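This report concerns only the one structure given below.
The values are calculated or read from the model by the stated rules, or taken from the named source; none is laboratory data. Note that this is a predicted model, so its numbers are computed, not measured. Heads up, the Cβs are rebuilt from the backbone with ideal geometry, glycines too, and the neighbour counts pull from every protein chain shown.
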Amino acid sequence: AKEKGRNQFCEFTPPMEQEAQNRRLLLRDLQQGLDGQEFELHYQPIVEIASGRIVKAEALIRWNQPLRGVVSPGEFIALAEESGLIVPLGDWVFQQAAQQVAQWRTMLAPAFELSVNVSPVQLHASEQSVQDWIARLDALQLPGSALVVEITERVLLEAGKEADAKLQALQKANIQLALDDFGTGYSSLSYLKRFDIDYIKIDRSFVSHLTRGSDDTVLCQAIIVMAHQLGIHVVAEGVETQEQHEILHEAGCDYGQGYWYCRPVPASEFTERLRESLAG
Ligand code: C2E
Ligand code: CA
Ligand code: CA
Ligand code: CA
């Protein structure tokens, strides 16, 4: 019996090795996905709270892997960052988003803005990406202000010379900056001024606890007042209920994003939503 137990132990792959193996396979698939055009952008409406109209959107990456099915970014962005694959992947996201917003602007809404998520790794990598993005805008005859780059507080906190230079290059091209997941990091408020941030996005963890008289309501109100005094617009993320929407409206929040308005949808469906919103 002892012998058998030992054999079984030998056939068993230790959890850490198993995990390393899983990561290798995921990385291989990720690389193939990039070559095989398995990625797609979905778009989530950003609504002007006062009017209820769709005025912007956030591009969110989706991976349609033939065997795995739809893999959510939460499962592969970290690995893409660690492996450096986020650079070509992020370039693809930007190019795709630029093309899409150009189309919506020509077709439906001339002032439409689209947000893309940019990872800290992309801002620490080569200069080339940002230059390629700007060249793409020129080729599409698209003003930089059509695009909003979403970064996290981590980027500002760790911004060395390189990231700083890239943020400045983006701003010089009139590309706007949004501070994502606001309130979850530990960056000081002085960063908002120093980096000339255009939007802050109040993290879902605050918005999801918004009920009348709650501490998070007081926090959100304070963030909104402060942002407005600095000339910064505010987007509330993860709005899921009518009550949250109403509290944000009363607090003077500019924009809302969340399942209560709409989930992220493919481009064709977004086009329909935008059309309806403009007509209504
Ligand atoms: P994020 O930038 O904070 O994006 C918002 C996430 O919240 C999205 O998840 C969105 O689907 C989800 N969401 C929106 N409204 C609601 C709501 O009302 N309730 C709840 N529970 N969730 C809501 P998703 O698409 O799974 O993306 C997760 C994260 O992956 C993003 O968080 C972002 O950090 C990252 N990500 C997504 N696309 C890209 C990309 O193209 N590049 C990079 N670097 N990161 C990306
Ligand atoms: Ca985001
Ligand atoms: Ca600006
Ligand atoms: Ca966010």
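Annotations
- Qualifying residue in the stretch 83-94 (condition: without any contact (Cβ under 8 Å) to a residue 24 or more places away in the chain and within 16 Å of ligand 4 (Cβ to nearest atom)): no
- For the stretch 107-122, the criterion of being in a helix (DSSP H, G or I), under 20 Å from the mean Cα position of the chain (by Cα) and over 24 Å from A78 (Cβ atoms) is satisfied by no residue at all.
- Enumeration of residues in the stretch 231-249 that are within 16 Å of ligand 2 (Cβ to nearest atom), of a type in the set (G, A, S) and surrounded by fewer than 24 Cβ atoms within 10 Å (Cβ to Cβ): G238
- For first residues located in the stretch 225-243 and farther than 18 Å from T184 by Cβ, partners that are within 16 Å of ligand 3 (Cβ to nearest atom) and assigned to a loop (DSSP other than H, G, I, E, B) and lie 6+ apart or on another chain with Cβ distances below 6 Å form the pairs H233/D254.
- Answer residue from the stretch 185-214, given it is aliphatic (A, V, I, L, M) and either under 18 Å from T241 (Cβ atoms) or loosely packed, with under 14 Cβ neighbours inside 10 Å (or both) and is modelled with the lowest pLDDT among those: L189
- Note on the stretch 176-209: residues that are without any contact (Cβ under 8 Å) to a residue 40 or more places away in the chain, in a loop (DSSP other than H, G, I, E, B) and touching a strand residue (DSSP E or B) at 6+ places or on another chain (Cβ under 9 Å) total 7.
- So E237, is it within 16 Å of ligand 4 (Cβ to nearest atom), under 29 Å from T106 (Cβ atoms) and acidic (D, E): yes
- Matching residues in the stretch 143-173 - criterion: being basic (K, R) and either within 13 Å of ligand 3 (Cβ to nearest atom) or closer than 17 Å to E81 by Cα (or both): R154, K172
- Qualifying positions in the stretch 172-225 - of a type in the set (A, V, I, L, M) and under 15 Å from E153 (Cβ atoms): L177, A178, L179, L189, L192, I197, I200, I202, I223
- Search result, residues across the stretch 225-269 that are in contact with a helix residue (DSSP H, G or I) (Cβ under 8 Å, 6 or more places away or on another chain) and assigned to a helix (DSSP H, G or I): A227, Q244, I247, L248, A267
- Within the stretch 72-90, not a single residue is under 16 Å from the mean Cα position of the chain (by Cα) and in a strand (DSSP E or B).
- Considering (1) more than 18 Å from the chain's Cα centre (by Cα); (2) part of a helix (DSSP H, G or I); (3) crowded, with 17+ Cβ neighbours inside 10 Å, the lone condition that L142 does not fulfil carries the number (2).
- Tally of residues being surrounded by 16 or more Cβ atoms within 10 Å (Cβ to Cβ) and closer than 24 Å to N117 by Cα across the stretch 215-230: 4
- Flag for R23 being within 16 Å of ligand 1 (Cβ to nearest atom), basic (K, R) and more than 28 Å from L140 (Cα to Cα): no
- Failed item in (1) within 16 Å of ligand 4 (Cβ to nearest atom); (2) at pLDDT 95 or above; (3) of a type in the set (V, I, T), with I175 passing the rest: (1)
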